[in-house]
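For reference, the structure discussed in these notes is given below.
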Amino acid sequence: MSSVLQPMTGRVAAAASTWATPPAVCWFEDCRKDSVPLVGGKCASLGELINAGVRVPPGFAFTTEGYRRFVADAGVGAELRSLLQGIDLRDLDALEAASARIRTLIEAHSFSAEIEDEVAECYRKLSLRCGLPAAPVAVRSSATAEDLADASFAGQQDTYLWIRGVDEVLHHIRRCISSLYTGRAIAYRANKGFADTGLGISVGVQKMANAYTAGVMFTVHPASGDRSVIVIDSNFGFGESVVSGEVTPDQFVVNKVTLDIIERTISQKLVCVTVDPKAQAARTIEVPFERQRVQSLIDDEITELAWMGKKIEQHYGRAMDIEWAVDKDLPAGGNIFILQARPETVWSARQQAAAGTTPPARSAMDYILSAMLTGKKVG
């Protein structure tokens, strides 16, 4: 396990320095957690994880600078502002109509030849790094207001799975850009007090893990707020079925100190999201009956995931919400990948609100000792 997290190398540390001129595209490893204005929350987090030595699939970011160049080249900025001005968030029909007009406007424009060439070159190099012709990638939105410690914008913009070929990558980057203006994203930003003026979006293009199993992991119990455990939800295939709530996943509760599995719930998993080998696209399919009640993660994988989650929490110094996958094309011991890590917001906010009565816990053991001293049940 010690090979999963290693200190940042000098080469990568140097690459993480500030650019003299903001690029339209950049590699994940050139980003850090303070790169949010350029690459958004998701891509900045991926770069931070890579620089911390976490096993993350490679990829690159289409940056907010690329987004601004695209909007300027397309000449749609004034029209966007006009369509957004004066929207009544209580009028859902008007909100959706404005959203549809904005999205159509954005997706109708092509990128400049310069930007297309930069994206194509990064995609070519990524395919070479992966040893695959036209490597399958996930194209994920990464907004600058996303994954903040005091607000969760996860899921407000779009994600597209198993995209292959540079033309499809460019097309889905435009779709991700337009998803900055879905009705729910516009309303959520307004309700959270984030102005649309000056807003930027980045798009991550990341090599797809051909997941046998995937899901989410919380370094705090999402139901009780118990900081002494790690909770892992899993299903066969890609993690979208778990993230979207399309399936009731298996759930494993792990002691954060000893890494013992203290609870396991094996659910009937009716569907999963996986790749259709003929269409070369992600599809939701039925799980064969004989596998529906089979444990989707083996115990060794649960333990390794929990160990990785614990180390990521220590790196960030706060409870985390983590997406992960087990790649079926790679051997055990090097096939578990972290796809995303963001600050957990619900229980962290409650803990901050109660900070006047209980000292903040820095680790699972700190939490346990604090709870013993104050007479709280820790689970």
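The values are calculated or read from the model by the stated rules, or taken from the named source; none is laboratory data. The structure presented is a predicted model; accordingly, all values stated were derived computationally and were not measured. Please note: Cβ atoms are built from the backbone with ideal geometry, for glycine as well, and neighbour counts cover all protein chains shown. SASA here: full protein model, heavy atoms, side chains in, ligands and nucleic acids out. Shrake-Rupley method; radii C 1.70, N 1.55, O 1.52, S 1.80 Å.
See the values below:
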{"quantity": "Net dipole in debye of the stretch 27-163 [+1 Lys, Arg Cβ; -1 Asp, Glu Cβ; about Cα centre; nearest 20]", "calculated": "360"}
{"quantity": "Among Phe252, His221, Gln280 - extreme Cα towards positive end, dipole of the stretch 221-340, charges at beta-carbon", "calculated": "His221"}
{"quantity": "Charge dipole magnitude, Cβ of K and R +1, D and E -1 - the stretch 254-324, Cα centre, debye nearest 20", "calculated": "160"}
{"quantity": "Long-range amide H partners of Thr248 with built H, under 5 Å", "calculated": "Leu270"}
{"quantity": "Charge dipole magnitude, Cβ of K and R +1, D and E -1 - the stretch 199-291, Cα centre, debye nearest 20", "calculated": "240"}
{"quantity": "Cubic angstrom per residue, convex hull over Cα atoms of the stretch 166-230", "calculated": "172"}
{"quantity": "Estimated D of the stretch 88-128 in µm² per second, where Rh is the Kirkwood radius over Cα pairs and Stokes-Einstein applies at 37 °C, 0.692 mPa s", "calculated": "256"}
{"quantity": "Under 5 Å, built H, 5+ apart or other chain: amide partners of Trp27", "calculated": "Ala61"}
{"quantity": "Residue-count net charge about Arg69 - beta-carbon cut-off 11 Å; Lys, Arg +1, Asp, Glu -1", "calculated": "-3"}
{"quantity": "Globularity ratio of the stretch 25-138, using Cα Rg and 2.2 N^0.38 Å", "calculated": "1.31"}
{"quantity": "Of Lys207/Lys269; Lys207/Lys256; Lys256/Lys311; Lys33/Lys311; Lys33/Lys125, pairs whose Cα-Cα distance is over 21 Å", "calculated": "Lys207/Lys269; Lys207/Lys256; Lys33/Lys125"}
{"quantity": "Mean projection area, nm², convex hull over Cα of the stretch 210-349", "calculated": "8.4"}
{"quantity": "Potential lengthening between Ala279 and Lys125 on full extension [0.36 nm per residue; Cα-Cα distance subtracted]", "calculated": "53.0 nm"}
{"quantity": "Cβ-based net charge around Arg103, under 13 Å, with every Lys or Arg adding one and every Asp or Glu removing one", "calculated": "0"}
{"quantity": "Percent carbon-and-sulfur accessible area, the stretch 99-146, ignoring ligands, DNA and RNA, probe 1.4 Å", "calculated": "54"}
